[in-house]
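Contents: one structure, followed by commentary.
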Amino acid sequence: MDRIAVIPGDGVGPEVVAESRKVLDFIAARDSAVAFAFDEYPWGTDYYLQTGEMMPEDGLEQLSGHDAILFGAVGSPRVADHITLRQLLFRIRHGFDQYVNLRPVRLLEGVRSPLAGRTPAEVDMLFVREGTEGEYAGLGDRIYQGTDRDLALQTAVFSRRGAERVIRWSFELARQQGRSVTSVSKGNALQYSGVLWDEVFADVRADYPDIEARELLVDAAAMFMVMDPGRFGVVVASNLYGDILTDLGAAIMGGMGLAPSASLNPERRFPSTFEPIHGSAPDIAGRSVGNPVGSIWSTALLLDHLGHRAWGEAVQQAIRQAVASRATRTTDLGGTASTQQAGDAIVELLDRGIEQDRGSGRSA
Ligand code: GGG
């Protein structure tokens, strides 16, 4: 039995997470070897407005007994974004040492990329964003507020250990998948943090002579993602650069609603979090138009993480089929389906895929 903590959160979060739950419920109903126990937590902006905190003091303790966390989205115009984001999502990522933020950027068949003429074979990158330190470490100060000397300090934290573990994880992933590794930094301008990152990358790459390794400045990386996305395999970047480049990646793969992520604690000392990379999208919340694919794809990553690899692959296959047709994709992709219809279609395609596999002697 896998214990899954569910935090639907704000805006479109509850709508897309409900579609992920449909997929997991379907799998548990079809496979006697798989069972999930869900604990849902009402944490987010409404909770904050009622209690003064985004999650309770002992929130991490409550989550810690779970095998994984299924997360929706965070953020609302009713509360400053730095409060909602830092007090919920970052508390979980930092508290559970989720130092690998895996973000696949993949163009699916039938989805139109804004990059003219690009095919799925040319847009297939695996971003590995550092998740616990860098620019989002949360160190800094604000002084002389309300005066003309108003001053802010935001300190980026880069440690050798922090850079090394995420870079090494990226090389291992590249080796498993037969991909290259590109390191993204800004060592020409950031003489402390950027240079440390580059030195660690040089040290780690020496342990992987079989893997093609390259380095790019973050500005050049953004340019090449648009001009020549096919050059990237695994891409490892610090917290901020990884965050920004993967929004660009989501655009390249056809839209923010598609992009999945997994915030992993690779040692499994703590639960890992699975969430679409998009935010709460308050402008479309409650209208059943949000794209559930980013959440359901993240759920496929959750299934992989929990050891249900065949199911993870089956869910990805159902997603590929759903987005290939107008009738089963949402309006952001030029389709006609509502959030719920798109989720139902993925479940139906999953079901059909199982029946076909059963007919051919394969099983999920
Ligand atoms: N679905 C996750 C979410 O709500 N993300 C909002 C956001 O701003 N995230 C920033 C980050 O992932 O660091």
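A short reminder: the numbers here are calculations on the coordinates, not readings from a lab. All values reported here derive from a predicted model rather than from experimental measurement. Cβ placement follows ideal geometry from the backbone for every residue including glycine, while neighbour counts extend to all protein chains displayed.
The charge dipole of the chain, taken about the Cα centre with unit charges on the Cβ atoms of Lys, Arg (+1) and Asp, Glu (-1), comes to about 680 debye, rounded to the nearest 20. Just checking the listed ones, His82, His94, His308: in the Gaussian network model of the chain with Cα springs under 10 Å, the one fluctuating most is His82. Distant-in-sequence amide contacts of Thr182, defined by a placed amide H-H separation under 5 Å and a gap of 5 or more residues or a different chain, comprise Arg214, Gly233, Val234, Val235, Val236. Expressed as a fraction of 2.2 N^0.38 Å, the C-alpha radius of gyration for the chain is 0.99. Each label was represented as a point 7 Å from its Cα along the Cα-to-Cβ direction; for Asp351 and Met223 these points are 5.2 nm apart. Highest GNM mean-square fluctuation among Ile252, Ile92, Ile284, for the chain modelled with Cα contacts below 10 Å: Ile284. Let me make sure I get this right: for region 112-252, a, b and c are the square roots of the gyration tensor eigenvalues over alpha carbons, sorted descending. Under 1.5 in a/c it's rounded, otherwise prolate if a/b > b/c, else oblate. Which is it? Verdict is oblate for region 112-252. Please identify, among Pro120, Pro77, Pro292, the residue showing maximal mean-square fluctuation in a Gaussian network model of the chain using a 10 angstrom Cα cutoff. Per the Cα network of the chain with a 10 Å cutoff, Pro77 tops the list. Calculated on C-alpha atoms, the gyration radius of region 117-179 divided by its Kirkwood radius gives an Rg/Rh of 1.25. When the helices of the chain are scored as -39500 (n - 2.57) per DSSP H run of n ≥ 4 and the total is divided over every residue, the value at 222 nm lands at -12500 deg cm²/dmol. Here the label points at Asp210 and Thr336, each 7 Å from Cα along the C-beta direction, are separated by 5.1 nm in the simple model. Based on C-alpha pairs under 8 angstrom that are at least 6 apart in sequence, region 57-143 has a relative contact order of 26 percent.
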